[in-house]
Amino acid sequence: MSDDFHQLIETAFRKIALQAGAVIMEVYGRPDFEARAKSDNSPVTEADEAADEVIRAELAKDFPEIPVVTEEAAETHMLKADRFIIVDPLDGTKEFVQRRGDFTVNIALVENGVPVRGVVYAPAKERLFYTRADGASVEETGPFGEKQGEVTPIRVSEPDNDALLVVASKSHRDAATDAYINRYAVKDAKSAGSSLKFCLVATGEADFYPRLGRTMEWDTAAGHAVVLGAGGKVLRFDDHTPLTYGKPGYENPFFLVLSPDVTLK
């Protein structure tokens with residue numbers, strides 16, 4: 001695609017993520033808000049639905065020719081395309097409901113199975129990560145306005161395999177994950193919610209994020225794009241091949257997010 005297209009993607013994804021974040025924080029700031037269980041027992045709130053509405057409307061204006069897959073619209077989960085935008089308007093709803101702050105807005109462009117551009121915005125943490133038009137990943141420091149603020153290029157770590165920094169899920173950590181982590185020489189293990197775990201690997205704040213649990217492509221695509229743009233890898237757990245997108249039902253296998261210098265076991 002043209003440079004102009006990728007510049008538009010960078011500008012539009014950033015703008016739309018910030019708009020969705022503002023809607024989410026308006027709900028988050030209320031003394032109470034409604035949360036209910038979806039058919040798969042995962043929680044959904046009015047913030048998920050309001051953010052989804054904003055994102056879909058803005059994407060339809062900016063990219064009317066590109067199909068959009070979004071967590072909150074079941075009818076989009078049957079879509080098949082070589083190029084599509086995939087959205088999780090509020091990743092980490094459990095963190096949102098429990099007011100822990102580790103929730104994100106995620107928007108990614110997938111081309112031929114690869115998430116090539118993405119934005120991850122954590123409005124409560126005031127952290128904004130995205131891929132630029134050239135594919136390199138940055139973190140922008142706030143306050144976030146219409147004009148792009150100061151951006152810092154981000155890069156995965158050069159880890160010490162005898163003292164790894166590992167990040168794991170806050171809400172979904174289990175014995176299998178702990179057993180896998182225990183194969184490695186770990187200096188520090190931290191927990192984080194939502195796609196922030198990808199971003200901690202992308203910035204070098206963690207070397208390694210193993211995920212032995214169910215996720216969907218909209219949970220991971222934007223963070224995956226940010227990791228790729230920072231020189232990292234996202235691999236299937238079973239055979240260590242690259243994780244791809246557009247799979248049946250948009251469901252992921254177990255996976256590993258890492259600096260290329262991590263020695264897998």
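Coordinate-derived values only; no laboratory data. These numbers were taken from a predicted model, which means no experiment stands behind them. Please note: Cβ atoms are built from the backbone with ideal geometry, for glycine as well, and neighbour counts cover all protein chains shown.
With the charge dipole of region 14-78 set up from +1 on Lys and Arg Cβ and -1 on Asp and Glu Cβ about the Cα centre, the Cα lying farthest toward the positive end among the listed residues Leu18, Pro43, Pro31 is that of Leu18. The distance from the alpha carbon centre of region 10-60 to that of region 227-242 is 28 Å, rounded to a whole number. When only the Cβ of Lys, Arg, Asp and Glu is charged (+1, +1, -1, -1), the dipole of the chain relative to its Cα centre reaches about 560 debye.
Between Asp188 and Ala60, the contour length at 0.36 nm per residue exceeds the alpha carbon distance by 41.8 nm. Of all lysines in the structure, the ones whose alpha carbon falls short of 23 Å from that of Lys147, not counting any fewer than 8 places away in one chain, are Lys15, Lys61, Lys125. Proximity of backbone amide H atoms, modeled 1.01 Å from N, is registered between Ile154 and Ser137, Val138, Glu139 at under 5 Å, excluding neighbours fewer than 5 places apart on the same chain. Applying 1/(1 + (r/R0)^6) with R0 = 22 Å to the Cβ-Cβ distance of Glu146 and Asp4 gives a FRET efficiency near 0.65. Does region 3-153 come out rounded, prolate or oblate by the C-alpha gyration tensor, with a ≥ b ≥ c the root eigenvalues, rounded set by a/c under 1.5 and, if not, prolate when a/b is larger than b/c and oblate if not? Oblate is the answer for region 3-153, as a/c is 1.5 or above yet b/c matches or exceeds a/b. GNM remark for the chain: springs join alpha carbons under 10 Å apart, and the peak mean-square fluctuation among Asp239, Asp48, Asp207 falls on Asp239. Taking the Cα centre of region 1-108 as origin and assigning +1 to Lys and Arg Cβ atoms and -1 to Asp and Glu Cβ atoms, the resulting dipole is close to 180 debye. Packing here is the average count of other Cβ atoms within 10 Å per residue, and on that basis the peptides 5-15, 152-162, highest first, run 5-15, 152-162. Here Lys187 is the anchor, and the aspartates and glutamates within straight C-alpha reach of less than 15 Å, apart from those fewer than 8 places off in the same chain, are Glu158, Asp160, Asp162, Asp178, Glu205, Asp207.
Multiply the residue gap between Ala136 and Lys15 by 0.36 nm, knock off their C-alpha separation, and tell me the result in nm, one decimal place.
Using 0.36 nm per residue and subtracting the Cα-Cα distance, I get 41.8 nm.
From the cross-link list Lys80/Lys247; Lys197/Lys233; Lys38/Lys94; Lys170/Lys247, which pairs have alpha carbons spaced over 18 Å apart? Check vs 18 Å cut-off fails for Lys170/Lys247.
Dipole magnitude for region 164-258: computed about the Cα centre from +1 point charges on Lys and Arg Cβ and -1 point charges on Asp and Glu Cβ, it is near 100 debye. Given the alternatives (i) 0.98; (ii) 0.94; (iii) 1.01, Rg/Rh (Cα atoms, Kirkwood Rh) as computed for this entry is given by (ii).
For Asp82 and Ala179, a Förster radius of 35 Å and the Cβ-Cβ distance give a FRET efficiency of 0.40, rounded to the nearest 0.05. Contact order, relative form, for region 164-258: 30 percent (alpha carbon pairs under 8 Å, 6 or more residues apart, mean separation divided by residue count). Remark: relative contact order (the chain) = 17 percent; criterion is Cα-Cα distance under 8 angstrom and separation of 6 or more residues.
Maximal additional length on extending the Arg214-Glu158 stretch stands at 17.3 nm, based on 0.36 nm per residue less the C-alpha distance. Of Arg183, Arg83, Arg173, which is the most mobile in a GNM of the chain whose springs link Cα atoms less than 10 angstrom apart? It is Arg183.
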